[in-house]
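Here the structure comes first, spelled out in structure tokens, and everything after it is commentary.
The values are calculated or read from the model by the stated rules, or taken from the named source; none is laboratory data. Remember, predicted model here, so these are calculated numbers, not experimental data. When we count neighbours, we look across all protein chains shown, and the Cβ atoms used for this are built from the backbone with ideal geometry, even at glycine.
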Amino acid sequence: MGQSDLQSKFTASLKTSLKYLVCARALNIKLRVGFILFLSILLIGFIGPFFIPYNPIRTGIFPRNLPPSLEHPFGTDSLGRDILAQIIVGTKMSLVIGILVSVFGHILGLGLGFISGYYGGKIDTIIRNVIDVFLAIPSLPMLILIASYIRVRTIWTIIFALVPWSWAFCARQVRGQTLSLRSREFIYMAKLSGMSGWEIILREIAPHMGLWIIGSFANGVLVAIMAESGMEILGIGPARTITLGMILFWAQFHSALFAGLWWWLFAPTMMLIIIFVSLFLIHVGFEEALRQRR
């Protein structure tokens, strides 16, 4: 069987799993609310910057420390920048970091999890031990250590610093589910039909995890944005790039709380909370849909 034929069958199997979501039973209230919130955030982050007629990073454009008003709904900061414009651009960059980290982490986690769970033996022992090591090591001290050795910090350095700590939990979950599924009768029949190991993984095992993978991906985005924001609040992020975490860093750097500039902290904090709530609802909604399907 050719690679294109295998990919088409895998895509068709995933579409079959996703079609389940259109029925009223699966599309529960948590999924609906989560999707509406997250879609609104995506629109703000990826369409909003086109309506900003100036560079939101440039300082001194507006009077400093203005409270929220009709002209500046979220006020201005101590550098004379409009906070609403920063929130719009920062939301986009935080989402880009979170999505890319989750994509790379799930590609690595799914691949290793499938290999470990399906083939077993020594390769399973090696991968399982590596997973346990990455789960046992605290990520924040390691991220601080890595960032301290990086002189030029960009969005990509943050992404590649987060990816090594984003795959292990996914790999462990996929391994466990694969171990359970590989003993089912339909896997035995697939082996008798002459299918190879990867054909069985892609055509028989992976589609059964379709809903779980989507929910896990949403959770991975949430965790990545939390980690990225935490790094930048500590001052180890790209200072010349606006993200929600970097807005909080500059507010902390200029003592916004003690200066009474509550709006400088309130706006990015609320945006982060909305992002976290939307992704959490999507993750929980997919888990409930998966339990209903079973």
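Looking only at residues of the stretch 183-201 that are touching a helix residue (DSSP H, G or I) at 6+ places or on another chain (Cβ under 7 Å) and within 12 Å of TYR118 (Cα to Cα), we find that the one that is surrounded by the most Cβ atoms within 10 Å (Cβ to Cβ) is ILE201.
State whether the residues of the stretch 239-250 include one that is β-branched (Val, Ile, Thr) and within 18 Å of SER148 (Cβ to Cβ).
Taking every residue of the stretch 239-250 in turn, none turns out to be β-branched (Val, Ile, Thr) and within 18 Å of SER148 (Cβ to Cβ).
Pairs linking a residue in the stretch 202-226 that is of a type in the set (Phe, Trp, Tyr) to a residue that is assigned to a helix (DSSP H, G or I), with Cβ atoms under 7 Å and 6 or more positions apart or on different chains, are TRP212/LEU290; PHE217/SER102; PHE217/HIS106. Here the condition is being in a helix (DSSP H, G or I) and among the hydrophobic types (A, V, I, L, M, F, W, C); of ILE115, ILE150, it holds for ILE115 alone. Pairs meeting the criteria (first residue in the stretch 90-106 and part of a helix (DSSP H, G or I), second residue of a type in the set (S, T, N, Q) and surrounded by fewer than 21 Cβ atoms within 10 Å (Cβ to Cβ), beta carbons under 7 Å, at least 6 apart or on different chains) are MET93/THR241. Of all the residues in the stretch 154-191, those that are under 20 Å from the mean Cα position of the chain (by Cα) and assigned to a loop (DSSP other than H, G, I, E, B) number 3.
Looking only at the stretch 52-82, which residues are free of Cβ contacts under 8 Å to residues at least 24 places away in the same chain, within 31 Å of the chain's Cα centre (by Cα) and farther than 22 Å from ILE274 by Cα?
Listed by number, the residues that qualify are PRO53, ASN55, ARG58, THR59.
Applying the condition of being closer than 18 Å to LEU248 by Cα and among the basic types (Lys, Arg) to the stretch 26-82 and asking which residue is surrounded by the fewest Cβ atoms within 10 Å (Cβ to Cβ) yields ARG58.
Scanning the stretch 94-114 for residues that are under 23 Å from ILE274 (Cα atoms) and surrounded by fewer than 21 Cβ atoms within 10 Å (Cβ to Cβ) yields VAL96, ILE99, LEU100, VAL103. Return the residues of the stretch 151-166 that are surrounded by 14 or more Cβ atoms within 10 Å (Cβ to Cβ) and not small (Gly, Ala, Ser); say none if nothing qualifies. Result: ARG153, ILE155, THR157, ILE158, ILE159, PHE160, LEU162, VAL163, PRO164, TRP165. With respect to the stated conditions, SER278 fails to be modelled with pLDDT of 85 or more, in a helix (DSSP H, G or I), of a type in the set (Gly, Ala, Ser) and more than 23 Å from the chain's Cα centre (by Cα).
Just so you know, in the stretch 118-138 the residues that are in a helix (DSSP H, G or I) and of a type in the set (Gly, Ala, Ser) include one that is farthest from the chain's Cα centre (by Cα), and it is GLY121.
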